[in-house]
Amino acid sequence: MKKIESVADLSRIKQEQIQRQEKRGARVIVGMGTCGIAAGAKTVLQVLEEEVQRYDIQVEICQTGCIGMCEQEPLLDVQLPNQGRITYGKVTPNLVKRIVQEHLVEGNILEDAALARLTEEV
Amino acid sequence: MVTGQVPTYQELDFYNKQMRFALRNCGRIDPENIYEYIARQGYQALGKVLTQLSPQQVVGEVKTSGLRGRGGGGFPTGLKWQFAQQAPETEKYIICNADEGDPGAFMDRSVLEGDPHTLVEGMIIAAYAIGASQGYIYVRAEYPLAIQRLKTAIAQAEELGLLGEDIFSSGFSFQLHIKEGAGAFVCGEETALMASIEGERGMPRPRPPFPAQRGLWGKPTNINNVETYANVPVILLESGAKFSQVGTEKSKGTKVFALTGKIKNTGLVEVPMGIKLREIIFELGGGISSGKDFKAVQIGGPSGGCIPAQLLDLPVDYDSLVEAGAMMGSGGLVVMDSDTCMVDLARFFLNFTQSESCGKCTPCREGTKRMLEILERITQGEGREEDLDLLEQLGETIKATSLCGLGQTAPNPVLSTLRYFRHEYEAHIRDKKCPAGACSALLQHRIIPDLCRGCTRCAKVCPVGAISGKVKQVHKIDSSACINCGACLEACPFDAIERA
């Protein structure tokens, strides 16, 4: 990794990262703070990996920290290219299976289970 | 795809009054990926500081911002930095107090786990401002995930040259270390924390000298908590003046609160200073989870106090809270409903501080012990009329004479409940009753004659044979034999037993 030696270096790295993020394909982000893990996020992650493999789809699986809604953990966000990020709450292994099939494979948001959508991105 | 039916975050009650400075990246980025932090303006404030501003200008911006310490007392951060900056020695230290220990508080943990780079960046800026080349993050070993993510963040920053020698080719060098604490509550007190880093027992030292003059290893030291440092990049990226537009006259910016207890939306919120407690609890928090009446909110942990329902419209700022007998503390909000006994609550918090007292100074060591004994006596129904005056007298003395913040604030939960819920104490002492129905020694089980059908089930389950009565006739509990176990209450199919 090349070291950052100036503000210009930092700006360049920032721009490169933003471009990388704009080109990203489908992503699923699991809330992996202590609150998420305590509520079962590790199981959610495991089932998610199995389901993605089973359907053989291209999905980037990421993690994030606590967004504040600890009551709703485990939280799982789905972000499809050029679309807002949809947050699902109190995610169970069964809900993961539905999300992978209906949202990731078929492209339909599970309106009954979605909590919110994050509008501004990057 | 139709997204119309899913509300945006801003449309949720939980978020629409929030304003996120310290938590701006939490839940948004991958905390283990420095590039995602950089993509959201990360390390830009540091670049600006190191290449465009003098240390004096940095301190000036922080002073203009009006930022006050988010860990407890609310001391002006810029002023604290200025003291350390003006200390004549060349060897200085920066410390982050991440020894979060209040029951029910998890503000710092969320920042450490969700956005560790904001802390790293804030600390480097502070180090440049005061002229330190070494820094420590003191974090409790009970936060393993936070420690792991901090280590990752530090390693990544070092790899990119954002920590280490000659950062941004400015000639400024800084190294950051993690010190894991063993979890003693007193180590959250700054002088005890520094003793602990030095390998000594975690016991406080008298102040003055303040850390800015003689801190870690006897050298000038600046110590702030996690949330304070997390605000620093926000201030420097824009300006102190812009930051100071948020909040009240004397409390600028935002505050992170952990909502716990009998509240619907348990979680973490960041709100502008000056917001009303009512808005936090009933709008963001969704109100009381049990559906019962709101009784009080404990703010500031074991050092803080209880705010009753009549003060729900109190603006949340440092000075209003102190005036009400509580304090901002680090930001724990424990919400209580009518089932909570305020005497028992005061006993719980005092039991906590009493066991965590390090024992160095007499007022804290002996005083909290005596106060706890009195509270235990009251909850056992053996309180005396003079106990309340004695509690107040002891409390005021301990506050005035203890060596460190632990003792100086330990009586607060007792004093604030005495101030707002004195009638509950009096009910325990005079009537031998616990109005909330929580102190088991004061409860009595009684059979309501009109509802009793004489089924004998209660008598059969009573482990001490305190219930007598013939079949199909009203039963009776002998209160002198009853141990208040509640078995009869559960067994009765007719709801004919009451506990009060």
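Per-structure values
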quantity	calculated
Quarter of Cα convex hull surface for the range B:344-458, i.e. mean projection, nm²	8.7
Cα-based shape type of the range B:11-57, given that a ≥ b ≥ c are square roots of the gyration tensor eigenvalues and the cut on a/c is 1.5	oblate
Alpha carbon centroid spacing (whole Å) that separates the range B:120-143 from the range B:395-420	31
Residues with amide H under 5 Å from that of B:Gly215, placed H, sequence gap 5 or more	B:Thr221
Sum of side-chain charges, B:Gln175 neighbourhood, beta-carbon under 10 Å (Lys, Arg +1; Asp, Glu -1)	-2
Sum of -39500 (n - 2.57) over DSSP H runs of 4+, divided by residues of chain B (222 nm, nearest 500)	-10500 deg cm²/dmol
Ellipticity estimate at 222 nm from DSSP helix runs (n ≥ 4, -39,500 (n - 2.57)) divided over chain A, nearest 500	-10500 deg cm²/dmol
Per-residue average of Cβ from other chains inside 10 Å of B:169-179	1
Counting DSSP beta bridges with both ends in the protein assembly as shown, the antiparallel % (nearest 5)	55
For the range B:424-500, the fraction of alpha-carbon pairs in successive 10 Å shells from zero, as %	20, 48, 24, 7, 0
Principal-axis tilt of helix B:368-379 within chain B, Cα atoms, nearest 10 degrees	30
With eigenvalues of the C-alpha gyration tensor scaled by 5 and rooted, the range A:56-110, Å	19, 13, 10
Sulfur and carbon atoms: percent of accessible area, the range B:1-47 [1.4 Å]	45
Nearest-ten-degree value, helix B:387-401 long axis tilted from longest Cα axis of chain B	10
Built amide H within the under 5 Å cut-off of B:Ile497, gap 5+	B:Ile448
The range B:378-436: Rg to Rh, with Rh as the Kirkwood radius over Cα pairs	1.04
Nearby aspartates and glutamates by direct alpha-carbon distance to B:Lys295 (threshold 16 angstrom, same-chain neighbours under 8 apart not counted)	B:Glu279, B:Asp313, B:Asp337, B:Asp339, B:Asp344, B:Glu424
Pairs of lysines in the range B:354-493 (C-alpha under 17 Å apart; 8 or more residues apart or interchain)	6
³J(HN,Hα) computed for each position of the range A:20-30 - Karplus, 6.51 cos²θ - 1.76 cosθ + 1.60, integer Hz, glycine/proline x	4, 5, 5, 8, 5, x, 5, 9, 10, 10, 9
Counted charge near B:Gly261, where neighbours are those whose Cβ lies closer than 15 Å (Asp, Glu -1; Lys, Arg +1)	-2
Residues whose placed amide H lies under 5 Å from that of A:Met32, excluding near-sequence neighbours	A:Thr64, A:Gly65
Charge sum, other residues only, whose C-beta stays under 12 Å from A:Pro74's C-beta, Lys/Arg counted +1 and Asp/Glu -1	-1
Estimated buried accessible area (total), pair B and A, 1.4 Å, Å² to nearest 100	4200
Largest-first principal axis extents, alpha carbons of the range B:1-119, Å	63, 38, 28
Calculated P(r) of the range B:302-350 - Cα pairs past 12 Å, %	66
Solution diffusion estimate, µm²/s, Stokes-Einstein, the range B:224-380, Kirkwood Rh from C-alpha pairs, 4 °C, viscosity 1.567 mPa s	76
Tail beyond 16 Å, pair distance distribution of the range B:133-199 (Cα, percent)	53
Principal-axis tilt of helix B:77-86 within chain B, Cα atoms, nearest 10 degrees	50
Chain A: radius of gyration over Cα atoms, expressed as a fraction of 2.2 N^0.38 Å	1.16
Alpha-carbon spread of the protein assembly as shown, three principal axes, descending order, Å	90, 66, 41
Percent breakdown of C-alpha pair distances by 5 Å bin, ordered from the shortest bin, for the range B:85-160	3, 15, 24, 23, 16, 11, 7, 2, 0
q = 0.22 Å⁻¹: log10 I(q)/I(0) that the Debye formula gives for the range B:326-394, counting C-alpha atoms only	-1.08
Size-normalised alpha-carbon gyration radius of chain B, reference 2.2 N^0.38 Å	1.13
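The values are calculated or read from the model by the stated rules, or taken from the named source; none is laboratory data. The structure presented is a predicted model; accordingly, all values stated were derived computationally and were not measured. Neighbour counts run over all protein chains shown; Cβ positions are idealised from the backbone, glycine included. Surface areas here come from the heavy atoms of the whole protein model, side chains and all, with no ligands, DNA or RNA. Shrake-Rupley method; radii C 1.70, N 1.55, O 1.52, S 1.80 Å.
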